[in-house]
Amino acid sequence: MDGGRGFTAELVELPEDPEIGQELIRIRHDDGRVDELRLHDYEHVYALSGVYEQIVHERLGCRSPAEIAAMLAAAVARVGWPRSAVRVLDLAAGNGVSGEALASLGLRPVLGTDIVPAARTAALRDRPDVYDDYLTLDLLALTQAESVGIGALAANALTCVAPVGADPSQLPAPALAAAAALLAPDALIAYLHDPNIGLPDVVTPDFWSRQLGPGTQAQELERRRYVHRRTVGGLPFEMEGVVYRVRRG
C-alpha cells in the first residue's frame, strides 16, 4: 500500500500463522529505512495513516465494525426506537472505523474512547467528523469530571468492537460496566466475546445486576458467531457479537 506520506506497508507472510495481534507488518520508507511492527503495536501502527485499514480490513477481511453496527441497528428496531434517537458511546474505538460503521447506519456516535493516546490522534486525523467528541481515558479509573461529562451526553447505547472478558488481552468486563453505568436507564449494549480463549462469557444477566445494582434487568437480545477476520494464512478467526438491553432502576 502506498501510504501517500513517504512509505509503503506490507503484511509479512511467515512459515506459520502468528498469534492474533502479533502479525508482522513491514514499513518501507521512501528514504530507504525499513521498520517492522506488530499489528497490536497500536501506538506505531495508528501513527501511519491507512495502514490499519489496509492490513486488518482489506488484507485480513475484518468484519466486526460492520457486524456490531448491524446488530445494534437490529436491536434498535426490535425495541422500537428510531435510529435518529440513538446516541452511542463507542469503547475501544481505535482510529474510528467502528464509529464510521455506526454512522453509516444512522446511529450517532456521540463519543469515542480508547486508552491508547495514538487512537484519538488517528481518529481525529482520518475521521474528524465521525464522533461528537473523542476521549483518551481509562474506564476503570474515571475522574469525577469524566464521569459527569460522559453522563451528560445522555447516550442510550454502547458498542465495543473489542473482546470483553477476564483474559489480560481483553477489555475488562468491569470497564464495560463502568461505561454502561453512565448510559440512560434503558440502554442497548453491543460487544464482542472471544470464544477462542476457551472461557465462558463473563457478561451475563447476573453480571449486570452485580455491577449496576439491584433492580437492574438485563435481557440478551442476540448472540451471533461469525468470521471476525482471517489469519495471515487465510484461516477463519471467529468472534461472537452480543447485544443486551439493560434497564436500571
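In this rough spin-label picture, where each label sits 7 Å from Cα along the Cβ direction, the residue 33-residue 78 distance is 4.9 nm. Charge tally for residue 207 (other residues, Cβ to Cβ under 12 Å; Lys, Arg +1; Asp, Glu -1): -2.
Between the entries [x] 61, 36, 32; [y] 48, 40, 34; [z] 52, 47, 33, the label attached to Cα extents along the principal axes in Å calculated for this structure is [x].
Please work out the FRET efficiency for the pair residue 219 and residue 196, using the Cβ-Cβ distance as r and a Förster radius of 25 Å; give the result to the nearest 0.05.
Details: r = 26 Å, r/R0 = 1.04.
Efficiency for this residue pair is about 0.45.
Gain on full extension, evaluated as 0.36 nm per residue between residue 104 and residue 24 minus their Cα-Cα distance, stands at 25.7 nm.
Stretched out straight at 0.36 nm per residue, the stretch from residue 115 to residue 136 would grow longer than its current Cα-Cα span by 7.0 nm. As I understand it, the dipole of the stretch 7-59 uses +1 on the Cβ of Lys and Arg and -1 on the Cβ of Asp and Glu, about the Cα centre. Which of 32, 9, 42 lies farthest toward its positive end? Working it through, the farthest residue towards the positive pole turns out to be 32. Residue separation of residue 204 and residue 16 scaled by 0.36 nm, minus their Cα-Cα distance, works out to 64.1 nm of gained length.
Add -39500 (n - 2.57) for each DSSP H run of 4 or more in the chain, then divide by its residues: what number comes out at 222 nm, to the nearest 500 deg cm²/dmol? Write out the running numbers ahead of the final one.
Details: 7 runs with 62 residues, N = 249.
Helix contribution divided over all residues of the chain: -7000 deg cm²/dmol.
Comparing 31, 90, 138 in a Gaussian network model of the chain, where Cα atoms under 10 Å apart are tied by springs, the biggest mean-square fluctuation is seen for 31. Looking at the stretch 1-160, the DSSP beta bridges with both ends there are about 50 percent antiparallel.
Would you please give the FRET efficiency between residue 124 and residue 167, computed as 1/(1 + (r/R0)^6) with r the Cβ-Cβ distance and R0 = 30 Å, to the nearest 0.05?
Values: r = 30 Å, r/R0 = 1.00.
In this case the efficiency is close to 0.50.
Within the chain, what is the longest stretch that has no GluC sites (Glu not before Pro) placed in a DSSP loop and near at most 15 other beta-carbon atoms within 10 Å? That gives 20-249 as the longest site-free run.
Laboratory data are not the source of any read-out in this text; all were calculated from the coordinates shown. This is a predicted model, so every value here is computed, not measured. With ideal geometry, Cβ positions are generated from the backbone for all residues, glycine too; neighbour counts draw on all protein chains shown.
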